[in-house]
Amino acid sequence: MTHTPIIFTRSNHMRLIVSLGLVALSRGLEVEVSVDGVTAASDCVNLHDECEQWADAGECNENPGFMLAECAPACNVCPTGLSMSHVHSLPECKNAEKDCGLWAAQGECSKNPSYMITSCAAACRTCHLIDPEVRCRPMPGRAAAMGPGDLNATFARAIADFPELEPRVLSTDPWVGHCRALVAMAAASYF
């Protein structure tokens, strides 16, 4: 089967890409789609008309258990180089616990996404998110939360601004610290 490449560089073309993908699938074709340099198979589609709107409103981060499964293209988490159906048939696509199906039916994929998305990937239909390179991919067109040097500045500021917590830097690569007074306050609250 031949792949027909479709390349777009702006994320607002996602609806057109999904429409082309659905047409291609209905004709038995497999289309390779690339948006901002990320290639995804055409069967990675938004399952709701509102997906783009929800993604723009920040729902990919606020409601990941639902959005990353139901609105994968809008959240920029389509698998790279493989179709969704292929990803969900891989041996890695499994549930780590016997109760995953029950938990998913009870809504835990949305209530507890940090555990369920990867540990109950088959039950939550999130096998495409097992790969952290896909799961943690930045949204196209959005500014990075931190720039070069910002993390160092944040830690340096925390050390300087909170001397009452008795901060001590153990390492700066990676940053590891200890606040003696904070630990003492936490321990005192248990008694």
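At-a-glance table
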{"read-out": "Environment charge of Glu108, counting only residues whose C-beta is closer than 11 Å and scoring Lys/Arg +1, Asp/Glu -1", "value": "-1"}
{"read-out": "Where only alpha carbons of region 42-188 are counted, the Rg and the Dmax (Å)", "value": "19.8, 56"}
{"read-out": "Linear extension gain, Asn61 paired with Lys94, 0.36 nm per residue minus alpha-carbon span", "value": "9.5 nm"}
{"read-out": "Value of D in µm² per second that Stokes-Einstein yields for region 62-122, Kirkwood Rh from Cα pairs, at 25 °C (0.890 mPa s)", "value": "203 µm²/s"}
{"read-out": "FRET efficiency estimate (nearest 0.05) - Cβ-Cβ, Ala181 to Gln53, R0 45 angstrom", "value": "0.45"}
{"read-out": "Loop GluC sites (Glu not before Pro), region 78-163, which have at most 15 other Cβ atoms in a 10 Å radius of their Cβ (DSSP)", "value": "Glu92, Glu97"}
{"read-out": "Ascending count of other beta-carbon atoms within 10 Å, so fewest first, for Cys136, Cys93", "value": "Cys136, Cys93"}
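Any read-out appearing in this document is the output of simple, stated calculations on the displayed coordinates, not a laboratory observation. These numbers come from a predicted model, not from an experiment. Positions of Cβ are backbone-derived with ideal geometry, glycine not excepted, and every protein chain shown enters the neighbour counts.
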